[in-house]
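A.B. asks: Let me begin by handing over the structure; questions about it come next.
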Amino acid sequence: MNDPYRSKPSRGRTNFASCICATVFLIFLIAGIVIAYFFLFKPKTPEIAVEAVRFPTFSVTNGTVNFTFFQYVSVTNPNRDEFTHYDSSLQLSYSGEPVGLVFIPAGKIDGGRTQHMSAKFDVQSYPLPAKLKADVSGGVIPTTAVNGVGAGPTMEVETRMKLVGRVRVLKVFTHRVDSGVKCGVMIQVSSGSVLGVRC
């Protein structure tokens, strides 16, 4: 015979235990997705390679320098999905002081592709430092040819290129990434010839 006074299992306790099991399962599932995301699908930083630096025009007059600056780079997107860049710029500086700045138009680079970019801007009447001014006589810097290259004063400028953008992950999510490259460029003041680029 059934004992009418025997206590029956509580449905509330059963539901509570089921909720705990489901919660633990979801926690492990989310943790697994996060781990897979960081190890398999974590966006990589775009790779920037400086291909060339040029000064098509370069002149020194009355202790100031005027020139046109060109920089050519290639940007590789190592991710599977496209990289959309915006708020990007190229800055030129000398002795820590900004000389020129140009913003790079927004664009897209498909996954696994390389895109070539160029940036240009003009700098007018930038004052030379006192040390270089002392080498200038009447706006003309004396030079002598050494191995086909004019000798004389040099100056080193620094270029900084920054790319900021988003990478799509699994065609749904987006992740912010940024990349940059900094180079020192040695210039011959007499002609604007680039003697060396160090990135």
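A.B. asks: Please work out how much length the chain gains when fully extended from Tyr126 to Cys199, using 0.36 nm per residue of separation minus the C-alpha to C-alpha distance, in nm with one decimal.
C.D. replies: Taking 0.36 nm per residue and subtracting the Cα distance, the gain is 23.9 nm.
A.B. asks: Under a 5 Å amide H to amide H cut-off, with H placed in plane at 1.01 Å, what residues pair with Glu82 once short-range neighbours are removed?
C.D. replies: Gly111, Arg168
A.B. asks: Now, a different point. Between Val169 and Leu26, what is 0.36 nm times their sequence separation minus the Cα-Cα distance? Round to one decimal in nm.
C.D. replies: Going from the current span to full extension adds 49.3 nm.
A.B. asks: Taking amide H atoms as placed 1.01 Å from N in the peptide plane, list the residues 5 or more away in sequence, or in a different chain, whose amide H sits under 5 Å from that of Ser193.
C.D. replies: For Ser193, whose amide H was placed from the backbone, the distant partners under 5 Å are Gln188.
A.B. asks: For the stretch 66-125, divide the Cα radius of gyration by the Kirkwood radius and give the resulting Rg/Rh value with two decimals.
C.D. replies: 1.08
A.B. asks: Can I ask one more? What is the extension gain from Lys44 to Met155, computed as 0.36 nm multiplied by their sequence separation minus the C-alpha to C-alpha distance, in nm to one decimal?
C.D. replies: So the chain would gain 36.4 nm between Lys44 and Met155.
A.B. asks: Using the Karplus curve 6.51 cos²θ - 1.76 cosθ + 1.60 with θ = phi - 60°, work out ³J(HN,Hα) for each residue of the stretch 58-75 in order, rounded to whole Hz, and write x for Gly and Pro.
C.D. replies: Each residue of the stretch 58-75 in turn: 7, 8, 10, 9, 6, x, 10, 10, 10, 7, 10, 10, 10, 9, 10, 9, 10, 10 Hz.
No lab work stands behind these numbers, since they all come straight from the coordinates. Predicted, not measured: the structure shown is a model, and the values here were computed from it.
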